[in-house]
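**Q** Below: one structure in structure tokens.
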Amino acid sequence: MTTSPPPLRVDRISKRYQAKHGTVHALNDLSFEIRAGRSMAIVGESGCGKTTAAYCIAGLQPVDGGTVYLAGEDFSGASRSQQKRLRRDFGIVFQNPLSALNPRMRIWQNVAEPLRVHEPDMVVSNRRQLAESMLERVGLGRQHLQAFPGELSGGQLQRVVLARALILNPKLVILDEPTSALDVSIQAQVLNLLQELRDTLALSYLFITHNLALVEVLTDDVMVMYAGSVVESGPADVVFAKPRHPYTRELIQSIPDTSPGKQKVFRLIDVNPVQQFSGGGCAFRQRCMNAGADCSEVVPRLELQAHAVACLYPIS
Amino acid sequence: MTQGLAIDNLALEFAHGRGRAAAVNGCNLLVRPREILGLVGESGSGKSLTALACLGLTPSSCRVSGSVRVNGDEIVGACEATLTNLRGRRIAMIFQNPMTALNPYFTIGNQMLGVIRQHFSLDRSQATQEAAAALKQAGLTETALNRYPHQMSGGQLQRAMIAMAIACKPEILIADEPTTALDVTVQARILGLLRSLADQGMGILLITHDLGVVAQVADRVAVMYSGSIVESGDLNQVFSATAHPYSLGLMQASPVMGMGRRKLQAISGVVPDFRSRPAGCAFRDRCTQAQEVCALGATPYTEISADHQVRCHFPIGKSQGAELT
């Protein structure tokens, strides 16, 4: 029996930027795999490398090392024409829907644009028909077809972006903070739609977010990133219930709890911004309460197991 | 004289067609000293405009009526000289995005001295001492005085903004989404700082769209929808016996840790634009409880308990609200 290759496999990709004070290691040997029908979230603070990871995987930025495999085929090392062919296999949804759509194209034209690129022989009426049915699928009626992006609300626009991402029937959708520009009542509408589409179309999501509360709603697995490296990964419910890395624990504890009466005691120490200039040792050690002497010398490696942590002194 | 910040029947109107449309309509709020009042609402509900009105900073196209008093002193209709004396000294504001609120050409110290010397007759070195003390209170060191905004991280800049706002020890602090642009770990520290300022005697109006933030630090909460306060009261009462369908909808739509793959309860529809707000209750088109009476005239306030008011014809009973937690 042959098993089909996973929709996405990332093998030790890295990305470096040259800055005035040295090299910024935006991504250090990132490896993971999304199996068919599963979904993965990448969480972390600003500057941890989660968006760089999404861009490198989507081929919007070249990687400095490592390989991205889409459905088993080398994507990052492919030629331009091969990349174009492979791009059919995934859709992408960005944070700000208004800037992701062409303001001078009508809604249906925006949605049909991938068809124009990838199916140049298809007649316009067919493209329009497909766009229309996809827009209906995401909950937008016929009255919006002829509108321009500027006439729609944020939640509606994010539905349009989603329709465009899905029009080529991909198995993988990369979602980069898809709801952070939306109000909470609209966010719930979009999240519910994403859930429903995932289940009915058997989609896999790579979900980039800074909001830990959204992870379990959309994905099975989670990776926590800090300063370009994965510090903890595993099934979302396990990681959140029993975090093993001190950073994951800090992230979870920082989330405001909606139940009043349980007000937390806050710490007032100043936080160093994320350190990305390479040096020996664990990047988190200056913020870490568990750090020992060897944390400044040994770079912790991510374990090879279902719930893995990269820490010399994990929380037991 | 009412202590703290008292907003009475505040209306903010803009010209629309031949008449006027109210972005904020009959808003009543009270922020007492030592208290944090959380003002919650979605984009377009009028909360930021209300904050600007508290400092007399509304755009000239906006017609302001009603009253805003800072420990008895009226802001609405006050002359520019009075406002200059009040702003920074009696009532200060922290804006959402510290990167755009600070001047990139001047050091943090330079900008802080400007505020301090505007209100106190201090020489440079005395004023610098005051600025250093304020920075320390906000959790920064003196070295921040010589830094330019671009040399600091988002969290540090927000602290610098807070330091600037508290440098003249104002009685009232207005924080408009102070942590929205920040990471959760930094947010937790900024909220802790606001709490300690309130404990030292300041009255704080904390504007946010995040109910979690409110639950974390506020003493009282007011929920704003389309220009009016729909529910307000003591934090625990509003959260445990939520009475307005919109407040309940907001709570149920917010994802929380550990909820698993459960579907969120979304509120259908969108916030109406204030220029085309339906008559009667502005929420009725999105409300599951709405009946004919909701379309008629202004909805009156109902007392749920001593410190808990709601503006709804059909407030949710205590039993339903309790299911939330």
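The values are calculated or read from the model by the stated rules, or taken from the named source; none is laboratory data. The model shown is predicted, which means the values in this text are computed figures rather than measured ones. Neighbour counts are summed over all protein chains in view; Cβ atoms, including those assigned to glycine, are modelled from backbone coordinates with ideal geometry. Surface accessibility is based on the protein's heavy atoms, side chains included, excluding ligands, DNA and RNA. Shrake-Rupley method; radii C 1.70, N 1.55, O 1.52, S 1.80 Å.
**Q** Tell me which of these B:Ala134 doesn't satisfy, since it passes every other one: (1) surrounded by fewer than 18 Cβ atoms within 10 Å (Cβ to Cβ); (2) away from chain A (no Cβ under 14 Å).
**A** Failed condition: (1).
**Q** What tally of residues in region A:285-298 results from selecting those that are open to solvent by 90 Å² or more (accessible area, probe 1.4 Å) and part of a loop (DSSP other than H, G, I, E, B)?
**A** Residues in region A:285-298 being open to solvent by 90 Å² or more (accessible area, probe 1.4 Å) and part of a loop (DSSP other than H, G, I, E, B): 2 in total.
**Q** Inside region A:69-83, can you point out the residues that are outside any loop (DSSP other than H, G, I, E, B) and among the hydroxyl-bearing types (Ser, Thr, Tyr)? If you could, list the steps in order and put the result at the bottom.
**A** Taking region A:69-83 as the starting set, the residues that turn out to be outside any loop (DSSP other than H, G, I, E, B) are A:69-70, A:73-74, A:80-83.
Hits for region A:69-83 are A:Tyr69, A:Ser81.
**Q** Looking at B:Thr84, B:Thr58, B:Thr100, B:Thr50, which is the one that is assigned to a loop (DSSP other than H, G, I, E, B) and away from every other protein chain (no Cβ under 14 Å)?
**A** Matching residue, one of B:Thr84, B:Thr58, B:Thr100, B:Thr50: B:Thr58.
**Q** Here's something else I'd like to know. Would you check which residues across region A:25-62 are small (Gly, Ala, Ser) and surrounded by 22 or more Cβ atoms within 10 Å (Cβ to Cβ) and list them?
**A** Applying the first criterion (small (Gly, Ala, Ser)) to region A:25-62 yields A:26, A:31, A:36-37, A:39, A:41, A:44, A:46-47, A:49, A:53-54, A:58-59.
Correct list: A:Ala26, A:Ser39, A:Ala41, A:Gly44, A:Gly49, A:Ala53.
**Q** What residue, of B:Leu324, B:Leu264, B:Leu248, B:Leu296, is open to solvent by less than 40 Å² (accessible area, probe 1.4 Å) and either at pLDDT below 90 or in contact with a Lys or Arg (Cβ under 9 Å, 6 or more places away or on another chain) (or both)?
**A** From the options B:Leu324, B:Leu264, B:Leu248, B:Leu296, the qualifying one is B:Leu264.
**Q** Report yes if some residue within region A:204-214 is outside any strand (DSSP E or B), open to solvent by less than 10 Å² (accessible area, probe 1.4 Å), out of contact with any Pro (no Cβ under 9 Å at 6 or more places or on another chain) and away from chain B (no Cβ under 13 Å); otherwise report no.
**A** The answer is no, given that none of the residues of region A:204-214 is outside any strand (DSSP E or B), open to solvent by less than 10 Å² (accessible area, probe 1.4 Å), out of contact with any Pro (no Cβ under 9 Å at 6 or more places or on another chain) and away from chain B (no Cβ under 13 Å).
**Q** With the condition being touching a helix residue (DSSP H, G or I) at 6+ places or on another chain (Cβ under 7 Å) and not small (Gly, Ala, Ser), I'd like the helices (runs of 4 or more DSSP H) fully within region B:231-325 carrying at least 1 qualifying residues.
**A** B:235-240, B:245-253
**Q** Could you check, for region A:275-291, whether at least one of its residues is at the interface with chain B (Cβ under 10 Å from one of its Cβ atoms) and at pLDDT below 90?
**A** For region A:275-291, residues at the interface with chain B (Cβ under 10 Å from one of its Cβ atoms) and at pLDDT below 90: present.
**Q** Here is a follow-up. I'd like to check something: does region A:63-82 contain any residue that is closer than 29 Å to B:Gln187 by Cβ and open to solvent by less than 50 Å² (accessible area, probe 1.4 Å)? Steps first, please.
**A** So the first thing to find is which residues in region A:63-82 are closer than 29 Å to B:Gln187 by Cβ, and the list is none.
Scanning region A:63-82 turns up no residue that is closer than 29 Å to B:Gln187 by Cβ and open to solvent by less than 50 Å² (accessible area, probe 1.4 Å).
**Q** Just for region B:179-202: of the residues that are under 15 Å from B:Leu157 (Cα atoms) and in a loop (DSSP other than H, G, I, E, B), which one is nearest to the other protein chains (Cβ to nearest Cβ)?
**A** B:Asp183
**Q** Which of the residues spanning region A:235-258 are open to solvent by 10 Å² or more (accessible area, probe 1.4 Å) and facing chain B (nearest Cβ under 9 Å)?
**A** A:Asp237, A:Phe240, A:Ala241, A:Glu250, A:Ile252, A:Gln253, A:Ser254, A:Ile255, A:Pro256, A:Asp257, A:Thr258
**Q** Tell me whether region B:139-150 contains one or more residues that are more than 14 Å from chain A (Cβ to nearest Cβ), under 27 Å from A:Gln187 (Cβ atoms) and open to solvent by 10 Å² or more (accessible area, probe 1.4 Å).
**A** Looking for residues that are more than 14 Å from chain A (Cβ to nearest Cβ), under 27 Å from A:Gln187 (Cβ atoms) and open to solvent by 10 Å² or more (accessible area, probe 1.4 Å), one finds none in region B:139-150, hence no.
**Q** Out of the residues in region B:192-239 meeting the condition of being charged (D, E, K, R) and over 19 Å from B:Thr50 (Cβ atoms), tell me which one is most open to solvent (accessible area, probe 1.4 Å).
**A** Residue satisfying both the conditions and the ranking: B:Asp199.
**Q** While we're here: Among the residues of region B:171-191, is any among the basic types (Lys, Arg) and open to solvent by 30 Å² or more (accessible area, probe 1.4 Å)?
**A** Looking through region B:171-191, none of the residues is among the basic types (Lys, Arg) and open to solvent by 30 Å² or more (accessible area, probe 1.4 Å).
**Q** Within region B:300-308, is even one residue within 13 Å of another protein chain (Cβ to nearest Cβ) and β-branched (Val, Ile, Thr)?
**A** no
**Q** Further question on the same structure: Tally the residues that are β-branched (Val, Ile, Thr) and assigned to a loop (DSSP other than H, G, I, E, B), restricting the search to region A:118-143.
**A** Final tally of qualifying residues: 2.
**Q** Still on this structure, please answer the following. Are any residues in region B:135-156 within 25 Å of the chain's Cα centre (by Cα), assigned to a helix (DSSP H, G or I) and within 22 Å of B:Cys168 (Cβ to Cβ), and if so, which ones?
**A** Within region B:135-156, the subset within 25 Å of the chain's Cα centre (by Cα) is B:135-140, B:149, B:153-156.
Now narrow it down to the ones that are assigned to a helix (DSSP H, G or I): B:135-137, B:149, B:154-156.
The answer is B:Leu135, B:Lys136, B:Gln137, B:Pro149, B:Gln156.
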